[in-house]
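The values are calculated or read from the model by the stated rules, or taken from the named source; none is laboratory data. Predicted model, so just to flag it, every value in this text is computed and none were measured. With ideal geometry, Cβ positions are generated from the backbone for all residues, glycine too; neighbour counts draw on all protein chains shown. What goes into the accessible areas is simple: the full protein's heavy atoms, side chains included, and nothing from ligands, DNA or RNA. Shrake-Rupley method; radii C 1.70, N 1.55, O 1.52, S 1.80 Å.
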Amino acid sequence: MDSQFSYFFRLSAVLEAMPDALVIVDSHARIILVNKQTEKLFGYERTELLGEFIEQLMPVRFRDRHQQHRNNYLATPRTRPMGAGLELFGLNKDGTEFPIEISLSPLKTDEGLMVLAAVRDITDRKQLENQLRTKNDELETQNRRVQEANRLKSEFLANMSHELRTPLNGIIGFAELMHSGRVGPISDEHKEYLGDILSSSRHLLQLINDVLDLAKIEAGKLEFHPEKVEVKKLVYEIRDILRTLIAQKRINLEIKIDPKVEQIIIDPSKFKQILYNYVSNAIKFTPEAGHVYININQDGEEKFRIEVKDSGIGIHTEDFPRLFTEFQQLDTSRAKKFQGTGLGLALTKRLVEAQGGTVGVESIFGKGSTFYAILPQCTPLNESPAEKISHKNTIAASANVPTVLVIEDDLKDQAVIVKLLKNAGYAVEVANNGKEALHLGHERRFDALILDLLLPDMNGLDVLQSLRAKGPNKDTPTIVTTVVAEKAISVGFRIHDFFVKPVDPSELLSSLKRSGVNPDNAKSILVIDDNLSDLKLAKTMLDKLGYRVTCETSGASGLQAVKRQKPDAIVLDLLMPGMDGFEFLNRFRKTKISREIPVIIWTVNDLDDTDKANLQAAAVVQKGDGSNLALLVELQRYLPLNYSIDELTKKMGKISKNKKTE
Amino acid sequence: MTKELILIVDDSPTNLKLAKILLELEGYDVHTATDAEDVLELLSTIQPHLILMDLQLPGMDGLTLTREIKANPKYQNTIIVAVTAYAMKGDDQKAYAAGCDGYITKPIDINTLPKLLAEYLAKKREV
């Protein structure tokens, strides 16, 4: 008895010392034991709690469901946290709530299965979490601001560079004018100093251009215009530009071009810029009578490598990372005497990366350096006519509707996009692989391309590059879809938009619209008429003319349709059950968009002039004049299709005759 | 043979002076204007063979001015060459769309400009 008492005494001492509030609940959900922490946490005296239901300690909104939770627990009793993933709250005697965490353990006793709940107040932790979340939000906002500031900076730099070029124009121009002797004879000294002014100002111009290019790249405004080029010709152009420098230092320049890359597709001016930066650097850091080599080789199947090697001073390995960074020049005493901007290599890196390539350097200090750029290679395609690809994959093509070429091999994705576009009013053609895409794309002009980057037979970007190089789709807006987020790769390719699959349908449509490819080019007309055969007739006629037609059979549904789709014109019957045409007009006129949408009344009513004026409609057309030509003529007035009345008559002849025989 | 008449439009007096000297040295009859108003007034008295048009002008910009001039049948054969400090994308297209016959970016190169203008004028004479 003594030992049992001392055991109990010690146990309760332990319970009292626990940092968590402990509550033991019997099988009837009554509290049979609490410790000091429980009193403190919930604000009750021990005596107020013993024998009470446990639900007393929880907010009212949780009480109803607690019995269910208890039953669940008792069915599978084991030690575990309560309400995993849920936010739990305790209720203090004073009515305040506080966040808690509860750990439950089953206690088997003679009086049945009891539950020990260890309750911990997590108010502090929650507060910390909230603070952290707020901080995170703040950081995110800040980050967005920084990005915006960076964009503004780039924009500023771009504008600034333009402004700086204007006065430079005067400096260089006048100096050249005098230097050339065109405005009269000058002394040799004058000529020399004018030459100095010229070379300094040309250097300044180069700096400004570099800054402008960097700013453009940062602002995403630098454009690439890849075309078929003769590599040799470009390399020799660079050699010619640098000829004076090469001659002055008696540099031995060797050029080697792999025959496999004699013709490539690339933006020639960017290619020259890259090569110029490397070669002029090499010349600068190579001592008199040294060697500079230009090598252009294939690098694997799909890439080529521009390499410029020199016998110059070389670079320490630890300095490599700084080489391609803006405004960083290697500041060793030896390098100091070489004037430079610290922009050339950085710009080169950006230019190469924007085209999906990489740059690098290999060097042994004191022996020379090799700078290289590896770029994706596109050899020009064989221009002989490709074998006929059957056109069974032509889904729809209509002269009045913008046509989108969907280049997609995944049949499921293809079906989704095609359906989406067709429903939105586009005509769609499909290419299942790169070859088909090239065939279709070189054959006719599309209004937009939707291009999957991962095609079974070729890289999507290569397809794009080829279409961009020449032919009818040279500047067709292009939206890229892909399963992998590799935005960086495509930056250089004038891509209108970029979607990672699965593509959000509404995003895709609005992106198409933003690129100016709007199915609304096919004007949409809403026809509201309760007479089904009239509705059918109108739809047949208007469809035939290339309008996009929606039909509604009552004023009410018509009104909804107007809000939903903002048609380009409305054809309205006056006599309808429920909301009739007059009522429709009343309500329609109260909407903002009503001013932009002409309404053509199409009615059997014989309206007098006062009625017509009251309707304030764009036009009133009498129904049932047989040909219904008047309706078409009126519509054409507002949504021009450029058919003459004769052509209209001819086009409609068949339909109206059918109508008459009905 | 009478001198061919060139009108230079630029709001920077220095650039205007430079181009004027340069082209006068080439033997052209050169007139200058610093804004659209000047141009329109001048055009009532002279009929230039070629206009060198700075696109960035105070007030009415060069593109608008070009459109206005080209809209007048009297100047349909006048060559308009756009000059701009901008080398941003689409500027050349904008210039052509407005009716410019050519497009050059600043700073103008005193060696190539006379040649370029001579080519434009020669082409026109052929027509």
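How many residues are closer than 27 Å to A:VAL549 by Cβ, open to solvent by less than 30 Å² (accessible area, probe 1.4 Å) and touching a residue at least 40 places away in the same chain (Cβ under 8 Å) if we restrict to segment A:422-447?
4
Taking A:VAL517 and the conditions (1) aliphatic (A, V, I, L, M); (2) at pLDDT below 80; (3) over 36 Å from the mean Cα position of the chain (by Cα); (4) assigned to a loop (DSSP other than H, G, I, E, B), which numbered condition does it fall short on, given that it satisfies the others?
Unmet condition: (3).
How many of the residues in segment A:173-189 are surrounded by 13 or more Cβ atoms within 10 Å (Cβ to Cβ) and more than 14 Å from chain B (Cβ to nearest Cβ)?
Counting residues in segment A:173-189 that are surrounded by 13 or more Cβ atoms within 10 Å (Cβ to Cβ) and more than 14 Å from chain B (Cβ to nearest Cβ) gives 1.
Can you tell me which residue in segment A:306-336 is modelled with the lowest pLDDT, limited to those that are open to solvent by less than 40 Å² (accessible area, probe 1.4 Å) and under 26 Å from A:PRO259 (Cβ atoms)?
Looking at the filtered set, the residue picked out is A:ASP310.
Return the residue satisfying two criteria in turn: it lies in segment A:546-600 and is in contact (Cβ under 8 Å) with a residue 60 or more places away in the chain, touching a strand residue (DSSP E or B) at 6+ places or on another chain (Cβ under 9 Å) and not aliphatic (A, V, I, L, M), and of such residues it is most open to solvent (accessible area, probe 1.4 Å).
For segment A:546-600, the residue satisfying everything is A:ARG548.
Output yes when any residue across segment B:83-95 is modelled with pLDDT under 90, part of a loop (DSSP other than H, G, I, E, B), charged (D, E, K, R) and open to solvent by less than 50 Å² (accessible area, probe 1.4 Å), and no when none is.
Looking for residues that are modelled with pLDDT under 90, part of a loop (DSSP other than H, G, I, E, B), charged (D, E, K, R) and open to solvent by less than 50 Å² (accessible area, probe 1.4 Å), one finds none in segment B:83-95, hence no.
In contact (Cβ under 8 Å) with a residue 24 or more places away in the chain, open to solvent by 50 Å² or more (accessible area, probe 1.4 Å), of a type in the set (D, E, K, R) and closer than 23 Å to A:ARG589 by Cβ, is that true of A:ASP530?
Criteria met by A:ASP530.
Quick one: which residue in A:MET576, A:MET541 is out of contact with any Phe, Trp or Tyr (no Cβ under 7 Å at 6 or more places or on another chain) and assigned to a helix (DSSP H, G or I)?
Criteria check complete, one pass: A:MET541.
So is A:GLY170 touching a helix residue (DSSP H, G or I) at 6+ places or on another chain (Cβ under 9 Å), within 14 Å of chain B (Cβ to nearest Cβ) and at positive phi or not?
Answer is no for this residue.
Count, please, the residues in segment A:577-587 that happen to be under 20 Å from A:LYS536 (Cβ atoms) and modelled with pLDDT of 85 or more.
1
For every residue, the table says whether it meets (1) over 21 Å from A:GLN636 (Cα atoms); (2) more than 34 Å from the chain's Cα centre (by Cα); (3) assigned to a helix (DSSP H, G or I).
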| residue | (1), (2), (3) |
| --- | --- |
| A:SER533 | yes, yes, yes |
| A:LYS536 | no, yes, yes |
| A:ALA556 | yes, yes, yes |
| A:PRO567 | no, no, no |
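Given the residues A:LEU132, A:LEU139, A:LEU164, A:LEU152, which is the only one that is at negative phi and within 14 Å of another protein chain (Cβ to nearest Cβ)?
A:LEU164
Just give me the residues in segment A:286-298 being more than 16 Å from A:THR244 (Cα to Cα) and open to solvent by 50 Å² or more (accessible area, probe 1.4 Å), in sequence order.
Hits for segment A:286-298 are A:TYR293, A:ASN297, A:GLN298.
Which fully enclosed helices (runs of 4 or more DSSP H) of segment A:157-253 have 2 or more residues being among the acidic types (Asp, Glu) and touching a residue at least 40 places away in the same chain (Cβ under 8 Å)?
A:188-218
Being part of a strand (DSSP E or B), touching an Asp or Glu at 6+ places or on another chain (Cβ under 9 Å) and open to solvent by 30 Å² or more (accessible area, probe 1.4 Å) is the filter here, so list the residues in segment A:30-72 that pass it.
If the condition is that a residue be part of a strand (DSSP E or B), touching an Asp or Glu at 6+ places or on another chain (Cβ under 9 Å) and open to solvent by 30 Å² or more (accessible area, probe 1.4 Å), then A:ARG30, A:ILE32 are the ones that fit.
Output the residue which, of all residues in segment A:268-285 that are touching an Asp or Glu at 6+ places or on another chain (Cβ under 7 Å) and over 10 Å from A:GLY312 (Cα atoms), is most open to solvent (accessible area, probe 1.4 Å).
A:LYS272
In segment B:96-108, which residue that is surrounded by 16 or more Cβ atoms within 10 Å (Cβ to Cβ) and not β-branched (Val, Ile, Thr) is farthest from B:PRO73 (Cα to Cα)?
B:PRO107
Restrict the check to segment A:201-210 and report whether at least one residue is within 30 Å of the chain's Cα centre (by Cα) and either surrounded by fewer than 11 Cβ atoms within 10 Å (Cβ to Cβ) or within 11 Å of chain B (Cβ to nearest Cβ) (or both).
Scanning segment A:201-210, I find at least one residue that is within 30 Å of the chain's Cα centre (by Cα) and either surrounded by fewer than 11 Cβ atoms within 10 Å (Cβ to Cβ) or within 11 Å of chain B (Cβ to nearest Cβ) (or both), so the answer is yes.
Which one of the conditions (1) open to solvent by 60 Å² or more (accessible area, probe 1.4 Å); (2) of a type in the set (Gly, Ala, Ser); (3) in contact with a helix residue (DSSP H, G or I) (Cβ under 7 Å, 6 or more places away or on another chain) does A:ALA21 fail to meet, given that it meets all the rest?
Only one criterion in (1) open to solvent by 60 Å² or more (accessible area, probe 1.4 Å); (2) of a type in the set (Gly, Ala, Ser); (3) in contact with a helix residue (DSSP H, G or I) (Cβ under 7 Å, 6 or more places away or on another chain) is unmet by A:ALA21, namely (1).
List the strands (runs of 3 or more DSSP E) that sit entirely inside segment B:2-79 and contain at least 1 residues that are away from chain A (no Cβ under 14 Å), in contact (Cβ under 8 Å) with a residue 60 or more places away in the chain and not aromatic (Phe, Trp, Tyr).
Passing ranges, in order: B:5-9, B:50-54.
Among B:LEU50, B:LEU43, B:LEU55, B:LEU63, which is in contact with a Ser or Thr (Cβ under 6 Å, 6 or more places away or on another chain) and crowded, with 18+ Cβ neighbours inside 10 Å?
Step by step, each of B:LEU50, B:LEU43, B:LEU55, B:LEU63 is checked, and only B:LEU55 is in contact with a Ser or Thr (Cβ under 6 Å, 6 or more places away or on another chain) and crowded, with 18+ Cβ neighbours inside 10 Å.
Scan segment B:97-115 and report the pairs whose first residue is within 14 Å of chain A (Cβ to nearest Cβ) and whose second residue is among the charged types (D, E, K, R), with Cβ atoms within less than 7 Å and a gap of 6+ or a chain change.
B:LYS106/A:ARG165; B:PRO107/A:ARG165; B:ILE110/A:GLU176; B:PRO114/B:GLU26
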